[in-house]
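See below for the structure under consideration.
No lab work stands behind these numbers, since they all come straight from the coordinates. None of the values given here were measured: they were computed from a predicted structure. All Cβ positions, even for glycine, are placed from backbone atoms using ideal geometry, and neighbour counts span all protein chains on display.
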Amino acid sequence: MPAFANEQTYDLFAPEAVANSYPLFKRMRSEDPVHYSESLGYWILTRYRDVEAALRDERLSSNRKALHINQLGSLDVKEIQHFLDLTSNSMVDTDPPEHTRLRKLAQPGFTTRAIESWRSIIENTTDRLLDNVQNHGGMDVVSDLSVPLPGSIIPEIMGVPETDRANLLEWARDIITFFAAAGESTIEMEELARKADKAAAQFSALITQLVEQRRRQPGTDMISLLIVAYQEQGFNLEELPSICIQILVAGLVTSTDLVANGVNTLLSHPDQLQKLKKNPSLINSAVEEMIRFDTSTPFFFRIAKQDLTIGGKEIVAGSVIALGLGAANHDPEKFEEPEVFDITRTPNEHLGFGSGIHFCLGAVLARMELTICLTKLLRRLPNLGFDPDKQAIPTKHSILIMKGFDSLPVKF
């Protein structure tokens, strides 16, 4: 693999990059927009045009099994067999025609009618969470709102019994942590791998049990809708856990980080916050700008299926390529004054939910959650602001795939 002289200057895990990666992305976009990282072992794209084209490039595979295996170090691949079995049939990690088939099967769970039917669940859950903190004068946006919001909504939408929800969320977190891990030590990675594999086995067992129950007693929940779709197409219901883990992981991670990032961005730009308060009808435009300005999924990963050239760089088959969605969303060639947070920005063709065939299936649901949550938050807590006595803590262990906060203290 090639190496470049400025390798040491691009440290994605430096404290300042974890806190704010966009200045680093700006340098990379200017100096070496198609960069090979020796330390990480893959290519990094930071220009909008390269990222958007790569998202649609059929020469790039979404099958990341090799990437997960490479994370193991000396650990035997058998140690994550349950994890691989669960994720290998995931839409995120498959290519056409398999991806096309899986997406068609999952679609009934994300129709406009289905999502609209869950609006009241989102509204009621948001109100309940705000009721809990309304009189406290402050809260942690992460632990009090952005984590429990999707953590309550997604299991309810899926029809998971309340007695199983805590376990389900814990298993999902263990799976997410290994899935998104990068830059960890070998010992830490092996521990994350074992926890993820155990969680995958337990998750699959629960979903299989729920599938059997819903086959006997169908409901209006997402699992019931997916069962109907699978049976109508004559497909194997044993694949359902893979769809369910993707829905759960995407719903938890995307919404959790979108809410926290959105609140942080608004509070960091008081002029735009006041503009939104004065004109609440701007909420949809504001949500799109929040997603662009601080993307919760900084990178998508692809594997080169053949030798190819991107931005004048020769990339050999089998290479891992990190598509910088966050960096692309700040590219001045695409966005006028990209470092300016403007809730009236239009057009706003950001890549926060990807593009092409892998465009996020749950984007409509995520937007609805963020819109409802922020609308209620600003209406019920009009004096919302950062807590000057407590420090926000950005998430750092998975900065390449998930960008958010471990803690975001506010007062009101």
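Some observations on this one:
- Model label sites at GLU79 and THR208, defined 7 Å from Cα along the beta-carbon direction, differ in position by 2.4 nm.
- Each Cα pair under 8 Å and six or more residues apart adds its sequence gap; the mean of these over the residue count of the stretch 7-411 is a relative contact order of 26 percent.
- Spatially, the stretch 270-295 and the stretch 377-406 are offset by 16 Å when compared through their Cα centroids.
- Computed extension length for ASP406-ILE393: 4.1 nm, one decimal, from 0.36 nm per residue of separation with the Cα-Cα distance subtracted.
- Spin-label pair ARG59/THR163, simplified geometry with 7 Å Cα→Cβ offset, distance in nm: 5.6
- When the Cα gyration tensor is reduced to axis lengths a ≥ b ≥ c, the ratio a/c is 1.5 or higher for the stretch 152-236, and with a/b above b/c it is classed as prolate.
- Extension reserve of the ARG380-VAL340 stretch, reckoned as 0.36 nm per residue once the Cα distance is removed: 11.7 nm
- Take the Cβ atoms of SER117 and VAL18, set R0 to 45 Å, and the FRET efficiency comes out at 0.70.
- Peptides 132-139, 192-199 ordered by average Cβ neighbours within 10 Å, highest first: 192-199, 132-139
- Taking 0.36 nm per residue of sequence separation and removing the Cα-Cα distance, the ASN124/GLU191 pair yields an extension gain of 20.3 nm.
- Protection proxy ranking for 281-290, 239-248, using the average of other Cβ atoms within 10 Å per residue and placing the highest first: 239-248, 281-290.
- Estimated purely from DSSP H runs of n ≥ 4, each contributing -39500 (n - 2.57), the mean residue ellipticity at 222 nm for the chain is -16000 deg cm²/dmol once divided by its residues.
- From largest to smallest, the equivalent ellipsoid semi-axes obtained for the stretch 7-411 from the alpha-carbon gyration tensor read 30, 29, 20 Å.
- Anisotropy class of the stretch 110-197 from Cα gyration tensor, a/c 1.5 cut: oblate
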